[in-house]
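A quick write-up on the structure given underneath.
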Amino acid sequence: MALHLTGLGPEDIADLVDCLLLGAEQTADTDGELAARRLSLAHRIGDALDELPAAR
């Protein structure tokens with residue numbers, strides 16, 4: 001499955017990843033399943049960002 005986002009740049013997506021990581025950290029002690037889901041999403045999005053061509 002692919003995700004297509006319009007109107008957002010790589011920096012915006014990187015901020016989203018940071019928010020997911022922070023959210024995972026905040027819920028790790030109270031809801032491990034949610035924290036794991038957020039971590040997984042953050043890593044998958046981050047990996048996709050890493051595959052984008054470098055800006056010139």
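What tally of residues in the range 1-11 results from selecting those that are assigned to a helix (DSSP H, G or I) and open to solvent by less than 70 Å² (accessible area, probe 1.4 Å)?
The qualifying residues number 0.
Check off (1) of a type in the set (A, V, I, L, M, F, W, C); (2) at pLDDT below 95; (3) out of contact with any helix residue (DSSP H, G or I) (no Cβ under 6 Å at 6 or more places or on another chain) for CYS19 and give me the number that stays unchecked.
In the conditions (1) of a type in the set (A, V, I, L, M, F, W, C); (2) at pLDDT below 95; (3) out of contact with any helix residue (DSSP H, G or I) (no Cβ under 6 Å at 6 or more places or on another chain), CYS19 misses (2) alone.
Taking the condition of being loosely packed, with under 13 Cβ neighbours inside 10 Å, over 18 Å from GLU51 (Cβ atoms) and of a type outside the set (A, V, I, L, M, F, W, C), how many residues in the range 21-41 meet it?
Residues flagged as loosely packed, with under 13 Cβ neighbours inside 10 Å, over 18 Å from GLU51 (Cβ atoms) and of a type outside the set (A, V, I, L, M, F, W, C) within the range 21-41 amount to 5.
Please find, among ASP18, ASP50, the residue that is open to solvent by 100 Å² or more (accessible area, probe 1.4 Å) and among the acidic types (Asp, Glu).
ASP50
Please indicate, with yes or no, whether at least one residue in the range 23-38 is in a helix (DSSP H, G or I), over 8 Å from the mean Cα position of the chain (by Cα) and in contact (Cβ under 8 Å) with a residue 40 or more places away in the chain.
Checking the range 23-38: not a single residue is in a helix (DSSP H, G or I), over 8 Å from the mean Cα position of the chain (by Cα) and in contact (Cβ under 8 Å) with a residue 40 or more places away in the chain.
The values are calculated or read from the model by the stated rules, or taken from the named source; none is laboratory data. Bear in mind that the values here come from a model prediction, so they are computed numbers and not experimental data. Because the Cβ atoms are built from the backbone with ideal geometry, glycine has one as well, and the counts that use them run over all protein chains shown. What goes into the accessible areas is simple: the full protein's heavy atoms, side chains included, and nothing from ligands, DNA or RNA. Shrake-Rupley method; radii C 1.70, N 1.55, O 1.52, S 1.80 Å.
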